[in-house]
Structure formats: C-alpha cells, structure tokens
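Worksheet for the structure shown next.
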Amino acid sequence: MNEIKYNHLEFSTSDNICMLKINRQECLNALSKELIQELIIFFNWVILDDEIKAVILFGSGDKAFVAGADIKEMSELEYDYKKTKSYSKLGQELTLKIEELSKPVIAAINGYALGGGCELAMACHIRYASENAKFGQPEVGLGLIAGFGGTQRLPRLVGKGYAMELLLSGKMITSKEALQIKLINKVLDSKEELLLECKKIAKEIIKNSPIAIKKTIKAINDGESKDLHDALEIEADIFADTLSNYNDSKEGLTSFLNKKKPNFSGD
C-alpha cells in the first residue's frame, strides 16, 4: 500500500488497473519539479506493487492532460547551465521511467498535451485521446527546444519529417491530425468514453502473462534504436529467456494444448 502523501497526484486501483490523475488543475496540470519528482516516486512504487498490472494516466479537469512544463518555475533557473541541464535530466528521468516500466502505462489525453505534456504522453506505451485534445511542442516560440525527450521520441514515433514540422513550427495539431501521423492510437468522442476505452484495452492487456508483457516491452525498447539484424538478435535472446526460464510460458503452452484458460502466476 502506497502511504506516501502526494500534493499533485490522486490514484485508485480496481481490477489491477491503477487510475492515476495529475491534479494541478489551477495551472492546467503543468509539470513542476515537485510534480515530476512525485511521478518518479509513484512509478517506482508501481514496479513493486503486485496488485497493479497497468496504469492509466490522465489530467484533472476538462482543459488539459498536461499543458506543458511550469514556465514560471523554468524562468527561475537563473539561466545557469548546471541548473538547466539538471532540470532537463529530471524530466528525462521521468519519461524514461515510464517508457521502460515493465507494466503498461496508457495515456488518456483530454485537452492540451503541449511541450512537456506531449513528451510525457509520448513516453507512455499507448496513447488514446478525446476529440478536444491538442498536441504540440511549442518550445521554439520561447527560444527553447524540447528537453524531456521530445526531439528524440517524436521522430521515432511519427518520422523525421513530421517531427521536424512540429518541433520547428511549434504549432498545435488536433487529435485527428495526431492520429493521422500515428502520434496516438485512437480518438474518442468525450473524456468519459476515453477513460472507458483506456480501461477496456488495459483489461485486454492484463489478462495475458505479466512476464510476457514485461518481456515484450523490453524487446521493443531494446531493439528500437538498433538495425534490424541486431534487433532480431535481441528478440531471439529475450524469446529464449522467456520460454526457458519462466513458468508462465509453460502454463500458457500447456493450457493451449489442453484447451483450457491459463492461470498465469507472473513467474
């Protein structure tokens, strides 16, 4: 049980799915240093909590998922190289934490997902959005670049051309445009439908082997930046490790042959 007191996070768990709400509605859920640190602590706990098998991340209110980094706080970094790099590395630590998490994190994006908010969404394993969602990396309009992973994840997700267009123009795009360039997986009519659809896909995922889910995430992440031959070698190694060393594989194969539902133990 997580007994830590969070100032900007609210969460509840039901049916092994954790609903995690960012609650800084007064500033459109902007990512302050405190909020980033709270999210890092939270996801460190998620790794250890066997009850949680998937996380759905969303923002409070109807206007924003996360509208961006906390600009006022950023302006107070005194333009010092060490402080500004430390700030960027903190945001990158969070996005890496989510991307490399062994349990799926689904972003339910309603309203603005700009700057650090778009970078936070990109780190999640799956992204669903409502029709009123808006995406963008507007940092160039502030004389900055994306610093929480945006210049690296966006090209990997949508291709170099679209990434250059978004990162260099700073323009916002709609959820339908984001779907067209494959920045997100699906568009829903409302926030209510969005959360329901996120729960639906989470349930589809967690009925499978926790080990297989963990190893699939690892194979995708580890092979993403490699050439195909090296990536296939990574896949083969992880496949062999999964089949040779974990009971879930034996349970799944035996159950299939016996035409019964597998009872995965996660080991």
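Points to keep in mind about this one:
- Between 0 and 90°, nearest 10: helix 210-223 axis offset from the chain longest Cα axis: 50 degrees
- Note on segment 171-229: lysine pairs with Cα distance below 16 Å, sequence gap of 8 or more or different chains, count 10.
- GNM top mover of K199, K53, K85 - the chain, alpha-carbon springs below 10 Å: K85
- The angle between the Cα long axis of helix 228-245 and the main principal axis of the chain comes to about 50°, on a 0 to 90 degree scale.
- C-alpha long axis of helix 33-48 to longest principal axis of the chain, angle in °: 0 degrees
- Which label in (1) 52, 40, 39; (2) 62, 43, 38; (3) 85, 41, 31 gives the computed Cα extents along the principal axes in Å: (2)
- Amide H within-cut-off set for G115, under 5 Å, with H built and near neighbours excluded: G136, Q137
- Test item: Cα-centred dipole of the chain, Lys/Arg +1 and Asp/Glu -1 on Cβ, debye: 480 debye
- Among residues other than N258 with Cβ under 13 Å from its Cβ, the summed charge is +3 (Lys and Arg +1, Asp and Glu -1).
- Calculated FRET efficiency for the pair E34/S75, C-beta based, R₀ 25 Å, to 0.05: 0.95
FYI, it's all coordinate maths here, none of it is from the lab. Remember, predicted model here, so these are calculated numbers, not experimental data. Positions of Cβ are generated from backbone atoms using ideal geometry, with glycine treated the same way; all protein chains shown enter the neighbour counts.
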